[in-house]
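The values are calculated or read from the model by the stated rules, or taken from the named source; none is laboratory data. Here the structure is a predicted model, which is why all the values come from computation and not from measurement. Cβ atoms come from the backbone with ideal geometry, glycine included; neighbour counts cover every protein chain shown.
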Amino acid sequence: MEEQLLLSDMKNRFNNRLIELISTKGQNTQIFTEAVYLEMKQEVKKFKNKQTKKTPSDYQRLKRFDVMTIGEVEKLIGPVKEDNVIKYIQSSYRRKFEVLHAAHISIGHGGRNRMEKEVNSKFKNIQDR
């Protein structure tokens, strides 16, 4: 019980600090709200299927993102490179704590650098700052 209260307190402090950080960031941040994530996913799908002339911003968005369908769920991913490693774009800043905490536990409470390497192997936008 006490451990869950401690974890809940850590999550609240993390989310509050992240909200402060988001408010100081510009529009080019990789920290997405749920609405921005869904809008980005729709735009990438639209640009991929666009038959008319694409704008430079369309090409830039397609260079940075792709959409992958798993079952019936569509996920925004980073573009797949030669090494065929798929890196997911984390959908919401609200879920960052769970991802970071799970990575911290999975590496045996290792340090910042080990955790950063573990998270960056699966996600593209978790370690923003």
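Please enumerate the residues belonging to segment 30-55 that are touching a Leu at 6+ places or on another chain (Cβ under 9 Å) and either of a type in the set (Gly, Ala, Ser) or touching a residue at least 60 places away in the same chain (Cβ under 8 Å) (or both).
Across segment 30-55, the qualifying residues are 31, 32.
Going through segment 20-70 one residue at a time, which ones are more than 20 Å from residue 86 (Cβ to Cβ), surrounded by fewer than 15 Cβ atoms within 10 Å (Cβ to Cβ) and touching a Lys or Arg at 6+ places or on another chain (Cβ under 9 Å)?
Of everything in segment 20-70, those that are more than 20 Å from residue 86 (Cβ to Cβ), surrounded by fewer than 15 Cβ atoms within 10 Å (Cβ to Cβ) and touching a Lys or Arg at 6+ places or on another chain (Cβ under 9 Å) turn out to be 21, 25, 33, 34.
Can you tell me how many residues in segment 99-126 are within 20 Å of residue 31 (Cβ to Cβ), touching a helix residue (DSSP H, G or I) at 6+ places or on another chain (Cβ under 8 Å) and part of a helix (DSSP H, G or I)?
Adding up the residues that qualify gives 8.
Just to be sure, is residue 18 over 17 Å from residue 64 (Cβ atoms) and out of contact with any Phe, Trp or Tyr (no Cβ under 9 Å at 6 or more places or on another chain)? Show your work before the answer.
On the way: over 17 Å from residue 64 (Cβ atoms): yes; out of contact with any Phe, Trp or Tyr (no Cβ under 9 Å at 6 or more places or on another chain): no.
In short, no.
Looking at (1) part of a helix (DSSP H, G or I); (2) modelled with pLDDT under 80; (3) within 24 Å of residue 118 (Cα to Cα), which one does residue 11 not meet, given that it meets all the others?
(2)
Is there any pair linking a residue in segment 6-19 that is within 19 Å of residue 32 (Cα to Cα) and in contact (Cβ under 8 Å) with a residue 40 or more places away in the chain to one that is charged (D, E, K, R) and loosely packed, with under 14 Cβ neighbours inside 10 Å, with Cβ under 9 Å and at least six apart or on different chains, and which?
11/98
Output yes when any residue across segment 18-25 is of a type in the set (Asp, Glu), part of a helix (DSSP H, G or I) and either at pLDDT 90 or above or under 15 Å from the mean Cα position of the chain (by Cα) (or both), and no when none is.
Kept after step one, since they are of a type in the set (Asp, Glu), are these residues of segment 18-25: 20.
Keeping just the survivors that are part of a helix (DSSP H, G or I) gives 20.
Imposing the further condition that a residue be either at pLDDT 90 or above or under 15 Å from the mean Cα position of the chain (by Cα) (or both) reduces the set to none.
The answer is no, given that none of the residues of segment 18-25 is of a type in the set (Asp, Glu), part of a helix (DSSP H, G or I) and either at pLDDT 90 or above or under 15 Å from the mean Cα position of the chain (by Cα) (or both).
Could you tell me whether residue 67 is touching a helix residue (DSSP H, G or I) at 6+ places or on another chain (Cβ under 8 Å) and of a type in the set (Val, Ile, Thr)? Break it down into steps so the answer makes sense when it comes.
Values: touching a helix residue (DSSP H, G or I) at 6+ places or on another chain (Cβ under 8 Å): yes; of a type in the set (Val, Ile, Thr): yes.
The answer is yes for residue 67.
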